[in-house]
Structures are given as structure tokens and as C-alpha cells.
Amino acid sequence: MDVSHFELIFKPQSPAAPTGTGPVDSLIQGYFLEITNLEDEEYRYRLDFIAAPVTDPLRSVAGNTVVFVDTPGTNNQQGVLNGAITSTTFSPSTGFVTVPPKGTALVAVLPSAFGPLPGETTPLTTPDFEVRGYVRLRLPALFRFVPGNPFGRFVLEPQADAPVKVLLTPQNRTTYFKADGTISDQTQASLPLANGVAVNELEPETGLFLTPIAVRPEILSRELEGLTPDATAMLAEMLTKNDRQDAKPARKREKV
């Protein structure tokens, strides 16, 4: 489901100062989204940030943003938005947002204007960045390996068999600072939701059964972005082994 628009800014508040006044303040504006799981089961949500492809690197989230994910079990897990300047969809490198029953997660996406950080070594140094787009929330099907003879199989299972209720609160939060770097003001403003209501029913994505030989990179690529590096490597190794086994020629039956 589409949640709201987003707008990330790191630039002066206006293109020029009014005549006879001093320089205008600059600002850093980030996008914040609270996700409350209203159900009695834990769910893993995926966020996509969608924006038009551009050629100006200062109009793209690629390499210019930091992400913080705060859940009841994780304090400010840090990452970035994955994607290239030619991409249209960007997702947090932190993976899926896991929210326990009745729990609330907070996802913050900010311009990378805070100096070098883990995973973001090329921060913005000039206040001339802005990008806009919209946010999509998904309840993806999840991979599970089912052992079996001779190889087992992968199962892409929906997380629920009915729509899942979530409470969503998106906001812009902005800090204004003077030419000398001191903070002059801070504001926050709630954003309108795409469907006009705060409590939403999120449709679970459907699953499928995959035999090892049928698993193709284009099928897995979207879901692998939500896995940890260790899990991705393990899955790739399992698939490679299974492909090698499947490549062996079948034994001919002997005549009787």
C-alpha cells in the first residue's frame, strides 16, 4: 500500500534573502514513519521509497541518506537506502522492519549531513540537496527452506491469510540552523496518508513453492534485499549446491 509522499531537504530555506536582511537559515528535513502492529502476531514489513530517476546526484537519495530503525527490541539500527542514481525504488539496508504484537517501530530517513557514519562515508557537505517521492509499505512473503529428499525445496509463504491491521503516522521533522551552525528552530508536521485513514489493512503478499532448479535470480532479487548478508550468502550457497546436483546427467535404466 502507498503510505504518503516524502521530502528530504538539506539547503537554505529560500533561494535568496529578502532585501536588507541577513542570510536566511538553512534546514535539514527528514521523513519519519511510525508503524504500529495492531495484531497479536509479529510481522515483518518492508518499506520502499519511490522516486523518479534523475541525473543530478543532489536530487537522488542514492548515497545521500541515512536510515535509523527503532523497534521495541532494537535501538536506532543504522543503515542507508539501497539503490543507484538510476533506480526508482530504494529500500533500507537494514532489511525488513520487524514489529512485535501491539508494538510500534519508528523509521527515520534523513539527508546524510552529519559527517562520516558507518556505511555512509561520503556525507553531504554543501546544503544543496532535495528529493521527493512517495513511500510504499508491504507485507512480503518470507522464504523458508523445507528439508526433504533428495534436496528439499524453498517455500515462499505469506505471513498471514487475511489483511493485517497497522496504524501509520508519517511526519516531516525539520531543524533550522543559522550561518554559524547554531540551531534556530525545530518543527514537525504530520503528513496526509494516501488513503486518508490512519488504521490500514495491509494485504499479505502471496507465496509459492520453489524447487531448487526453478529458483531464478530475477524471482529472488526483490526479496533478497530484505535478508542479512549472512542469510543471503547461505541461500546462494544452498542454491549453487542444488544446481550442481541437478546438472548431473540422469542414469540410464539398464535393459532387462
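Check whether at least one residue in segment 34-42 is without any contact (Cβ under 8 Å) to a residue 40 or more places away in the chain, surrounded by fewer than 18 Cβ atoms within 10 Å (Cβ to Cβ) and either among the acidic types (Asp, Glu) or touching a strand residue (DSSP E or B) at 6+ places or on another chain (Cβ under 8 Å) (or both), and report yes or no. Even if it seems obvious, please write down each step before you answer.
Step one: filter segment 34-42 for residues without any contact (Cβ under 8 Å) to a residue 40 or more places away in the chain, giving none.
No.
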Seminar exercise, completed: Turns out the strands (runs of 3 or more DSSP E) fully within segment 120-201 with at least 3 residues that are in contact with a Pro (Cβ under 6 Å, 6 or more places away or on another chain) are none
Problem set entry | Residue within segment 59-78 that is touching an Asp or Glu at 6+ places or on another chain (Cβ under 6 Å) and over 15 Å from Tyr134 (Cα atoms) present | yes
Problem set entry | Single residue of segment 128-184 satisfying the filter (β-branched (Val, Ile, Thr), open to solvent by less than 70 Å² (accessible area, probe 1.4 Å) and over 24 Å from the mean Cα position of the chain (by Cα)) that is farthest from Thr55 (Cα to Cα) | Val146
Exercise. In this structure, is Pro116 open to solvent by 60 Å² or more (accessible area, probe 1.4 Å) and either aromatic (Phe, Trp, Tyr) or at pLDDT below 95 (or both)?
Worked result: yes
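From the list Val54, Val99, Val80, pick out the single residue that is closer than 20 Å to Leu167 by Cβ and at pLDDT 90 or above.
Numbers: Val54 fails: closer than 20 Å to Leu167 by Cβ; Val80 fails: closer than 20 Å to Leu167 by Cβ.
The match here is Val99.
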Problem set entry | segment 55-107, subset in contact (Cβ under 8 Å) with a residue 60 or more places away in the chain, under 25 Å from Phe10 (Cβ atoms) and not in a strand (DSSP E or B), residue most open to solvent (accessible area, probe 1.4 Å) | Arg59
Exercise. Taking Asp2, is it at pLDDT 95 or above and open to solvent by 60 Å² or more (accessible area, probe 1.4 Å)?
Worked result: yes
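The values are calculated or read from the model by the stated rules, or taken from the named source; none is laboratory data. Note that the coordinates shown come from a computational prediction; the quantities given were computed from them, not determined experimentally. A quick note on method: Cβ atoms are made from the backbone with ideal geometry, for glycine too, and the neighbour counts reach across all protein chains shown. Ligands, DNA and RNA are excluded from the accessible area calculation, which covers all protein heavy atoms including side chains. Shrake-Rupley method; radii C 1.70, N 1.55, O 1.52, S 1.80 Å.
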